[in-house]
Amino acid sequence: MHEQIRTNEVVCLEDIWVYYNGVTALEGVNLSINQNDFLGIIGPNGGGKTTLLKVILGLVKPSRGKVRVLGDTPVRSRKLIGYIPQLSQFDRDFPVSVWDVVLMGRLGHTGRFKRYSDKDKKVAIDTLEIVEMLDLKDRQVGRLSGGQRQRVYIARALVTESKLLLLDEPTASVDKPMQTGFYEFLQKLRKEQELAIIVVSHDIGVISTYVNKIACLNRRLFYHNSKEITAEMLEAAYQCPVDLIAHGVPHRVLKEH
Amino acid sequence: MLEILQYEFMRNALIAGMLASIACGIIGTYVVVKRIVFISGGISHSAFGGIGLGYLLGIDPIIGALFFTLASALGMGIVSKRTDLREDTVIGIIWATGMALGVIFLGLGPGYPPDPWGYLFGNILTVPRSDIIVMLILDAVIILIIFSLYKDFLALCFDEEFATVVGVPTERLYLVLLSLIALTVVVLIRVVGVILVIALLTIPAAISGQLTYSLKKMMIFSILLSAIFTTCGLWLSYVLDLASGAMIILVCFTVFLLSSLSKSLRSQRSYVHA
C-alpha cells in the first residue's frame with residue numbers, strides 16, 4: 001500500500017501468460033499504469049482484451065507472471081476496482097431498479113446478513129448525482145437507454161470508492177454522438193476523482209481522441225507508454241494494414257509517413 | 001365450497017397448498033429471474049430416487065427426497081462451477097438417473113412395489129400431519145435465509161461476475177440458492193408431485209414478472225397467485241373428481257395464457273397510440 005502511494009502505480013503486470021484449454025490468450029504481457037492514467041487498449045475481437053481485464057480483477061489466474069493491483073494481489077484489491085462489464089450480457093425484464101443496481105457496488109463495504117447503511121445510501125445518492133441519473137433512480141434498469149444504463153454501471157463501479165475503473169467495450173451498443181459524450185464524461189470524472197482508467201475496445205475511432213495512453217493487444221501487448229501508436233504496432237496487433245481505421249478521427253493517431 | 005372444509009383431509013390439503021405457495025412464490029421468483037428452470041427440473045426429478053429409497057429403508061419418503069434433492073443440487077452446482085463439463089448435459093444425466101434409481105428402489109422393496117402415482121403427480125388430499133410439520137419447518141428456513149441474504153441474492157442473480165468482484169462469495173451463495181430450490185421441491189412434492197413441480201415453480205413467478213418490476217413484489221404476487229391457484233385447482237378437482245396436482249397446473253397455465261395475451265394486447269395498443 002505504501003509502495004503504491006510512493007510510486008502512484010495502480011496496476012503492474014509482469015510477463016503475464018494465460019492459456020485456455022491449451023490455447024494461448026495472453027503472451028508475455030507487461031503493463032504498468034499510474035494514477036491519473038487513461039489507457040485505451042485496442043485490438044481485434046478474440047485478442048484477449050477481456051481476459052486482460054479479468055487478470056487485473058483476479059477472475060482469471062495467469063498461468064505465469066506477476067500481477068499487482070494497488071500494491072496487493074488482485075483478489076485482495078478488487079474491492080477497490082470499479083469494473084464495468086460489457087453491456088450486452090443483460091436481461092431487459094430483470095426486476096431491478098437503478099437504485100438497487102448502484103447499491104450493489106457497496107456490497108464489498110457492507111457485511112453479509114446486514115442491511116445497507118446510511119453511509120452506503122448517501123454514497124449512492126452522491127454518485128447518482130455525479131452521473132446525472134438521480135432523478136431516474138426508481139426506474140427499472142431494463143427501461144433505460146443504452147447511454148443511461150452505461151451511466152448506472154459507472155455509478156455502480158464508482159460507489160466502491162475505487163481508484164481504478166476498468167471498462168470493457170463501453171460504447172459497443174451506444175451511437176456515435178452518445179459515445180463522444182460518454183468519453184468526455186469519463187475524462188471529466190478522471191480529473192475530478194483522480195482515477196486511473198483502462199478502456200478496452202475493438203474500435204480505435206473514438207477511443208484514441210480521449211485517452212492519454214494507448215496500447216494494442218492481440219495476445220501480445222504493444223505498448224510504448226505513450227499516446228502514439230505506430231503503424232507497425234497496429235499491423236502487428238491486427239495482422240493487416242489498418243490505416244483506413246484512422247479516418248474520421250478528429251486528432252490524428254498515426255504519424256505522417 | 002365451505003362444506004368441503006368439514007373434512008380434515010381437505011383442511012390439511014388447503015394448509016399444504018398455502019405452505020407450498022410460500023416456498024414456490026419466493027424461490028420460484030429466483031428460478032425465473034436467474035433462468036435456472038432446467039437445473040430446478042433436474043433437482044425435482046432426482047427427488048424420485050429419494051422417495052424410492054425412503055420406501056426401501058422404511059423411512060418417510062419425504063425425508064429420503066430431501067436428501068436426494070440436496071445432494072443433486074449441490075452435485076450439479078459444484079459440477080457446473082468447478083468443472084469444464086457442459087452444465088445442461090450433467091443436469092439431464094442426474095434428472096434421468098434420479099428417476100431410474102427411484103424405480104429400482106421401489107422394485108427392490110418388500111412385496112408388491114407401491115403405487116408411485118401420488119409422488120409423481122401429487123396427491124394433496126393425502127397429506128399427513130407429519131408432512132405439514134416438515135413443510136412448515138422448510139418454509140421457515142427458506143424465509144429466514146432469503147430475508148437475511150436478500151441483497152446478496154439480488155446481486156448474484158442480476159450480475160454474478162460483478163458480485164464476485166465486489167467480494168460476494170457467489171459460488172457458495174449459488175449453492176445455497178440451489179439448496180433452497182431442493183427444499184422447495186420437497187415442500188411441493190405432496191402438492192403437485194416431482195414431475196409437475198417445475199410448473200408451480202415457474203408459472204406464478206412468470207405471471208408476477210409481467211405485473212411488476214420489483215423483485216420483492218414479484219415474490220409477494222407469486223405467493224398470492226400460487227395460493228389462489230392451488231385452492232382453485234383443489235376445488236375444481238373436488239367438483240370434477242379429477243387429479244388435484246394436474247388440475248392446479250392447468251389453472252396456472254390458463255391464467256398464464258390470459259395474462260400473456262392481455263400483456264401483448266396492451267403493448268400492441270400502446271404501440272399504436274405512440
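The values are calculated or read from the model by the stated rules, or taken from the named source; none is laboratory data. Since the model is a prediction, treat every value here as computed from it, not as a measurement. Methodologically, a virtual Cβ is constructed for each residue, glycine included, from the backbone with ideal geometry; neighbour enumeration extends over all protein chains shown.
Quick one: what pairs do we get from segment B:145-174, first residue under 22 Å from A:I154 (Cβ atoms) and within 9 Å of chain A (Cβ to nearest Cβ), second charged (D, E, K, R) and assigned to a helix (DSSP H, G or I), C-beta under 7 Å, 6+ apart or different chains?
That search, which allows pairs on different chains as well, returns B:L154/A:D100; B:V165/A:R78; B:V166/A:K79; B:G167/A:K79; B:V168/B:D152.
Please determine whether any residue of segment A:137-157 is within 12 Å of chain B (Cβ to nearest Cβ), over 30 Å from B:S208 (Cα atoms), crowded, with 19+ Cβ neighbours inside 10 Å and under 23 Å from the mean Cα position of the chain (by Cα).
yes
What is the residue count in segment A:33-77 for residues that are of a type in the set (G, A, S), under 19 Å from A:L195 (Cα atoms) and surrounded by fewer than 17 Cβ atoms within 10 Å (Cβ to Cβ)? Before the answer, list the steps.
Of all residues in segment A:33-77, those of a type in the set (G, A, S) come to A:40, A:43, A:46-48, A:58, A:63, A:65, A:71, A:77.
So of that shortlist, the ones also under 19 Å from A:L195 (Cα atoms) come out as A:40, A:71, A:77.
Now restrict to residues that are surrounded by fewer than 17 Cβ atoms within 10 Å (Cβ to Cβ): none.
Qualifying residue count for the region: 0.
Please report, ordered by residue number, the strands (runs of 3 or more DSSP E) entirely within segment A:1-97 with at least 1 residues that are over 14 Å from the mean Cα position of the chain (by Cα). Outline the logic, then answer.
Working: elements: A:9-20, A:23-34, A:38-42, A:64-69, A:81-84.
Answer list for segment A:1-97: A:9-20, A:23-34, A:64-69.
When segment A:108-119 is examined, which residues are found to be surrounded by 13 or more Cβ atoms within 10 Å (Cβ to Cβ) and within 10 Å of chain B (Cβ to nearest Cβ)?
Pass one, segment A:108-119, residues surrounded by 13 or more Cβ atoms within 10 Å (Cβ to Cβ): A:108-110, A:112, A:116-117.
Across segment A:108-119, the qualifying residues are A:G108, A:H109, A:T110, A:R112, A:Y116.
In this structure, is B:G52 small (G, A, S), surrounded by 24 or more Cβ atoms within 10 Å (Cβ to Cβ) and farther than 22 Å from B:A199 by Cα? Let's see the steps before the verdict.
Working: small (G, A, S): yes; surrounded by 24 or more Cβ atoms within 10 Å (Cβ to Cβ): yes; farther than 22 Å from B:A199 by Cα: yes.
Considered against the rule, which asks whether it is small (G, A, S), surrounded by 24 or more Cβ atoms within 10 Å (Cβ to Cβ) and farther than 22 Å from B:A199 by Cα, B:G52 comes out as yes.
Quick one: in segment B:112-142, which of the residues that are over 15 Å from the mean Cα position of the chain (by Cα) and acidic (D, E) is farthest from B:A182 (Cα to Cα)?
Checked segment B:112-142; the qualifying residue farthest from B:A182 (Cα to Cα) is B:D115.
Name, by its number, the condition in (1) charged (D, E, K, R); (2) within 19 Å of the chain's Cα centre (by Cα); (3) surrounded by fewer than 20 Cβ atoms within 10 Å (Cβ to Cβ) that does not hold for A:K122.
That leaves (2) as the condition not met.
Could you please let me know if B:S259 is without any contact (Cβ under 8 Å) to a residue 12 or more places away in the chain and among the small types (G, A, S)? Even if it seems obvious, please write down each step before you answer.
Details: without any contact (Cβ under 8 Å) to a residue 12 or more places away in the chain: no; among the small types (G, A, S): yes.
It is false that B:S259 is without any contact (Cβ under 8 Å) to a residue 12 or more places away in the chain and among the small types (G, A, S).
Examine segment A:160-170 for a residue that is touching a strand residue (DSSP E or B) at 6+ places or on another chain (Cβ under 7 Å), part of a loop (DSSP other than H, G, I, E, B), closer than 11 Å to A:I84 by Cα and at pLDDT below 90, and state whether such a residue exists. Step through it out loud before you land on a result.
At the first step, the residues of segment A:160-170 found to be touching a strand residue (DSSP E or B) at 6+ places or on another chain (Cβ under 7 Å) are A:160, A:162-170.
The next check asks that each one be part of a loop (DSSP other than H, G, I, E, B); those that pass are A:160, A:162-163, A:169-170.
Keeping just the survivors that are closer than 11 Å to A:I84 by Cα gives A:169-170.
From the residues that got through so far, the ones that are at pLDDT below 90 too are A:169-170.
Taking every residue of segment A:160-170 in turn, at least one turns out to be touching a strand residue (DSSP E or B) at 6+ places or on another chain (Cβ under 7 Å), part of a loop (DSSP other than H, G, I, E, B), closer than 11 Å to A:I84 by Cα and at pLDDT below 90.
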